[in-house]
Every structure is written in C-alpha cells, then in structure tokens.
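Shown next, in structure tokens, is the structure this report addresses.
Taken together, the values in this text are just the output of simple stated rules run on the coordinates, not laboratory data. Since this is a predicted model, take the numbers as computed values, not measurements. Reconstructed Cβ throughout: ideal geometry from the backbone, glycine too, with neighbour counts over all protein chains shown.
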Amino acid sequence: MRVLIQLRPSPDLVAAVADPGRTATTADVADSLPGVELDSAFTPVAVPRPIPAAGGDPLSLNQPLDFSLAAEDASVLVRGTISDDELATRVTLLPTLRPDVVGVFADPVVQSSMTCGGDPPLGDWHDVERLLNVAGLHAEGLDGAGVPLAVCDTGINAAHVARQLGRGVTLDAERSWNPAGVEGRPGEFEVDHGSMCAFDALIGAPQASLIDIPVLRSTRPGGSAMDGLLSDAVAAFAHLRDVLDMQPAGTRTLVVSNSWGSFSPEWDFPVGHPGNYSDNAAHPFNLIVASLDRAGADVLFAAGNCGRECKDARCAWPTRPICGANSHPRVLSIGGVDTNGERVGYSSQGPGRLTARKPDVCGYTHFSGSKAFGDTEPDSGTSAATPVVAGLVAAIRSHWPASRLSPAQLRALLRRTAEDRSDVGFDYDYGYGIVDSAGIVAALQRRAKSVA
C-alpha cells in the first residue's frame, strides 16, 4: 500500500523543505524508515500547522484557522510503500520506533470524474454561455482577465482548446507544474480530460490565465492517464501555495479546479483509522486544502459521479460517496445539471463525509463543447460542471480579489444567490441550487455601493 509519512525533522530541514528557492530530497529528510520503501523521486512537502483561536480544536476545519509554515511549527511529508502483509503492524510501530514520525496516512488512487452516462449531449457550450449570462458578466468587466486558473487534471492541450473556442488561450507556463516523473510541456499534453476541463473553464472566464497542473498523469505501476495518487495533489497544492504567496496581498487571486476524487475505499485506511483520508480532517491533504483557502485561493472539487440513479461503474462507496477534499468545508463541491436545469442522474448526492452539506451548488454539464473525446461525445460528469463554475468564479475575481471578497464570502455568495431547485432550500441533490450569475452580479453591485 502506498502511504504518506508525516515527519517532524530538525527545524533547519523543515525550513529547507518549506523554502521554494531550495530543494530538499527524501534522503535529506528520512534516509530510512523500518519496513517502508521510500520514494526518492517524490520531493518532500511542508505541511503547515493549523492554529485555531484560543481554546479551539486544531483538527476541526469548521472554524477560523490560521496556518504556520514556520520551521518550529510545520512538518514534512514523504511518500513510500508498505507491504500489505505488514501494513497493520508497521503503521502502528512507526511512530513508536521513530519519534520524528508524526503519522502514517493513506495515499489513495484518485481518478477523474467524467462519465458519459450513455446519453447524447443536451445543448452546446453556447447554451452554457447564455445560461451563465456571460454577456452580462463581460458588461461588468468580469471576464477573468489577470486571474490565474489552475486546472488540476491530466494536462492541457492549449492549441486544441483554442481551436474549439475560436479564440486565443492564455497559458501561464511559468507557474505551471508537473509531478515527479511526468514529462511534457505545459499546454502541450495530448487532448484528454484536462483539455475538456480547460475549455469548460474558459466559457465563463475567457481571459483567465490557465495554470497547467497535470496531477493525474500517474507514473505508478498499472496507472493510466486518467488517475494518479493523492500525494501528487499534495505536492501540487504546495506549489500553488507558493504561487499565491508570490502575489501582492491586495490583488491576490487563484482559482483551483479539481475534477477528480476517490471512487473507492480500497486504497484508503478504514474510517476511524488515524491514517484515513475519506473522513479525516487531520489528513495532510485536507489540512493543505484548508491552508490554501486561508491564503486566498478559491478551491473547487467535483462532487463525483456516484449518483443513485446511474452511478459510475467505478463507484464502490456503499453510502455517502462525496468524501475527502471533495466534501471539505473550505471548498465548493459541485454537482451537475443539464442545460434544462435538471440534475443529471450520475451527480453524487450528499451528505458529504467531512461536512454534511454537500454538494454546495450545481453547474452545467452534458453539453457539446470541447470535443476532447470526439465530435459526438458531450463534456460530461461533474468533471465538466466543476470547471464551468470555476470559470464563473474566475470571472468574479477579475474585480473582486480575495482582499475584497474572501473565499469564504464568495462561497456564501454563490450559495445564497443560487437558483433553488427544491422547496426546502438546501437539499442533497442540488445543494443550494444552480449557480446564478445574474444574482451574483446584483449582489456584488449592492456590496460595492454599501462600502463606497
């Protein structure tokens, strides 16, 4: 089983790992661990320490938290494998044998959230453009200009995206990033799931700057171009934290679109185990997600395609399939509706595992758009719905950076203005409803007048 090992080495080593201008290796941090085959190709990642208000619980994500990367506070993650035959024993003994071992956590397989559902597309991307009121957004100057939009997926083919859109695409190669062992230049990956996500994000934010994060380009034995390991997402989010920190505080923006998740408990520790990912706020990735939100990023995750009516064949959760970071209280978890506003049957229903009220809102999916999988295949799944909403968020950020509207305030705005699809407000099918850009613009106009 692949695992992430959280260590607390000497402060100078923590400082070296946390400093983006320096490179520390796995061998520098942990030359050996009993029973663990360490992955020397993985660059160690600094994990910030959550700091609650006085008297608060540092492991609760449902409260205001600060995060410290100071050498005396932070810890370090390395990656490795433990034999299945010795798993239970080794996971228990490691913290006892090595006082610098804080914990051992699951490094589950994560996979893209696309599914075709067997039905042809309903409408096309111009219908989505109309439903998002893109013309109205542009009239307010909300087109994503200057906003970095990270697509964490299989990599982007920028030329294909530009052809399908019929206009140029801005790709920020300097701030893009590849996992260890993944070859390829930003924006030049083969046309695949990531190109679909990039296309869909640019429907609402055509001027956004794409950051290519091919986190699903797995190099694990038996892996494919449509899945990866959570540890690569850990490293990717650490890189994105550096991207944020290099921006001026007053104009800081970053939108992070994630159309992937864990479909099965097979690669995870059981619920209740300290190394579990699906239900564990203390898993390092869930902490890093919270720290990225605190630094000013808008993080979106697909709710997944495990809806009861026609779930994806990969779904192995018996109940509550929205798990891990996809159910995180500091992210927008996105369900899917078609261009008629009806929930698609594969869109996962709540409650979520880290927080119950998931999905948050729904975006549009199952339309003809990127043609990443051929001329007749739709952009589908909550994989498409998530970048559609990410594009809307990036458009908002054109004039409303995190210093004016925090990620938490923006999430509340999207929930409050969503088109309710039930009689009870929030429900586990649609969340708070379908995103409504006209309602968002009206609310922002009122907010601007109130602070003028």
Quick check: from the Cα gyration tensor, does the stretch 315-386 come out rounded (a/c under 1.5), prolate or oblate?
prolate
Of Leu137, Ala281, Ile156, which is farthest on the positive side of the dipole of the chain, counting Cα position, with +1 on Lys and Arg Cβ, -1 on Asp and Glu Cβ, and the Cα centre as origin?
Leu137
Estimated vicinal HN-Hα couplings, Hz - the stretch 381-395 in sequence order (Karplus 6.51, -1.76, 1.60; Gly, Pro = x)
x, 5, 4, 7, 4, 5, x, 4, 6, 4, x, 4, 4, 5, 4
To the nearest 20 debye, what charge dipole does the chain have about its Cα centre, counting +1 at the Cβ of each Lys and Arg and -1 at the Cβ of each Asp and Glu?
1120
Could you run the Karplus curve 6.51 cos²θ - 1.76 cosθ + 1.60 with θ = phi - 60° over the stretch 99-113 and give me ³J(HN,Hα) per residue in whole Hz, x for Gly and Pro?
x, 7, 7, 7, x, 10, 10, 5, 10, x, 5, 10, 9, 5, 10
Could you tell me the largest-minus-smallest coordinate of the C-alpha atoms of the stretch 118-240 on each of the three principal axes, in descending order and whole angstroms?
47, 37, 23
Using only Cα atoms, figure out Rg for the chain and give it as a multiple of 2.2 N^0.38 Å.
0.92
Dimensionless Rg over Rh [the stretch 301-452; C-alpha; Kirkwood]:
0.99
Charge tally for neighbours of Ser10 with beta carbon under 14 Å away, counting Lys, Arg as +1 and Asp, Glu as -1, is -4
Under 29 Å Cα-Cα from Lys358, which lysines qualify once same-chain neighbours fewer than 8 residues away are excluded?
Lys311
Which aspartates and glutamates, if any, have their Cα less than 18 Å from the Cα of Lys371, not counting same-chain residues under 8 positions apart?
Asp119, Asp124, Asp127, Glu129, Asp153, Glu188, Glu190, Asp192, Asp200, Asp338, Asp379
Using +1 at the Cβ of each Lys and Arg and -1 at the Cβ of each Asp and Glu in the stretch 1-53, identify which of Ala30, Val3, Phe42 lies farthest towards the dipole's positive end.
Val3
So what's the Cα pair-distance distribution over the stretch 36-186, bin width 5 Å, in %?
1, 6, 8, 11, 13, 13, 13, 11, 10, 7, 4, 2, 0
Computed over the Cα atoms of the stretch 240-367, what is the convex hull's projected area averaged over all directions, in nm²?
8.7
Of all DSSP beta bridges located in the chain, what percent are antiparallel, nearest 5?
55
